[in-house]
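Worksheet for the structure shown next.
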Amino acid sequence: MTFRRFFGLFSLFLLLWTPSAFGQQEPEEPEEPEEPESEVSPQIWLDYNPSVMLNPKLNLYGDVGFRTETKSSGWWRLTIRANTMYSLSNSLRVGGGLGNFLTFNDSIANRWELRPWQGADLVWPRWRVPLDHLLRLEERFDFNTETWESAISLRLRYRLRASFRWDAIQEDRYWRAFAATEVFFTLAGEQGQFREQARFDAAIERSLNALVRVRLEVAWQKEGQAFFIGQGAVSDLWFRIRFYQSWGQ
């Protein structure tokens, strides 16, 4: 066999067994779709929190607040809540309330959420740094204010909070520090615009007199799949100023 004939047979072999010689390529494995990137939502929260002690066991309290996302395309929110708590003992209280949340959005229809709740608050153990356990069941009614279509869900939330108090220089004044974590469980139904999953916050509080105090709070919160289609999970980061005023016994 001459070299020319050998080279010809070898070239034919390559043509028959190499798919790329015909302009074909080995099929590539399909790429998995990328997960949407998590969005960070920086926010500012401001609220006024009045409370009235009707008697040593019954407390009425609530808040009026303003919340906003500091991004150029975001939302701002008004909150109005009224609640009551009744003391069964020095450590255990039970109660309920109703929250109204009106959210004005830049890119989607505005939302109104009506949220009644029932729950219990237990302080145990009462160490130098007491632990406060708050368990709440919430019924959430989230309405599209243009079409009045609704998303209705049932949610359970649990918060564990530790606090430490020390006296200020002024007589009858104090400082208090807080650290808390909270988890949210949707038990049934379809969630609305805000889909909280977990929250961590730290705060410092200062009494101005026997009935007035101010609290500064920084919090991080994880939400589930964003309400806006095409976005991934959302992480909220907010700075909050809370003004408290009380009356009664």
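Since every read-out is calculated from the coordinates, none of them should be taken as a lab result. Quick caveat: nothing in here was measured; it's all calculated off a predicted structure. In this analysis, Cβ positions are derived from the backbone assuming ideal geometry, glycine residues included, and neighbour counts consider all displayed protein chains.
Checking Arg215, Arg165, Arg157 one by one, the residue that is of a type in the set (Lys, Arg), within 25 Å of Trp124 (Cβ to Cβ) and without any contact (Cβ under 8 Å) to a residue 24 or more places away in the chain is Arg165 and no other.
Give the residue that is farthest from the chain's Cα centre (by Cα), with candidates limited to residues of the range 159-193 that are over 30 Å from Val212 (Cβ atoms) and surrounded by 13 or more Cβ atoms within 10 Å (Cβ to Cβ). Within the range 159-193, the match that is farthest from the chain's Cα centre (by Cα) is Gly189. Regarding Asp132, is this residue in contact with a Lys or Arg (Cβ under 7 Å, 6 or more places away or on another chain) and of a type in the set (D, E, K, R)? It is true that Asp132 is in contact with a Lys or Arg (Cβ under 7 Å, 6 or more places away or on another chain) and of a type in the set (D, E, K, R).
Selection over the range 126-149 of residues that are closer than 27 Å to Leu92 by Cα, surrounded by fewer than 16 Cβ atoms within 10 Å (Cβ to Cβ) and touching a Phe, Trp or Tyr at 6+ places or on another chain (Cβ under 6 Å) gives a count of 2. Condition check for Arg155 on (1) closer than 19 Å to Phe66 by Cα; (2) in contact with a Gly (Cβ under 9 Å, 6 or more places away or on another chain): one failure, at (1).
With the structure loaded, tell me whether Glu138 is acidic (Asp, Glu), outside any loop (DSSP other than H, G, I, E, B) and at negative phi or whether it fails that test. Against the criterion (acidic (Asp, Glu), outside any loop (DSSP other than H, G, I, E, B) and at negative phi), Glu138 qualifies. Determine, yes or no, whether Gln193 is touching a residue at least 24 places away in the same chain (Cβ under 8 Å) and over 21 Å from Ala82 (Cβ atoms). Yes, satisfied.
Restricting attention to the range 163-210, which residues are over 18 Å from Arg242 (Cα atoms) and of a type in the set (Lys, Arg)? Listed by number, the list holds a single entry, Arg195. Condition first: touching a Phe, Trp or Tyr at 6+ places or on another chain (Cβ under 8 Å) and either within 25 Å of Asn110 (Cα to Cα) or not hydrophobic (A, V, I, L, M, F, W, C) (or both). Now tell me which residues in the range 159-184 satisfy that. Within the range 159-184, Arg161, Ser163, Arg165, Asp167, Tyr174, Arg176, Thr181, Glu182 qualify.
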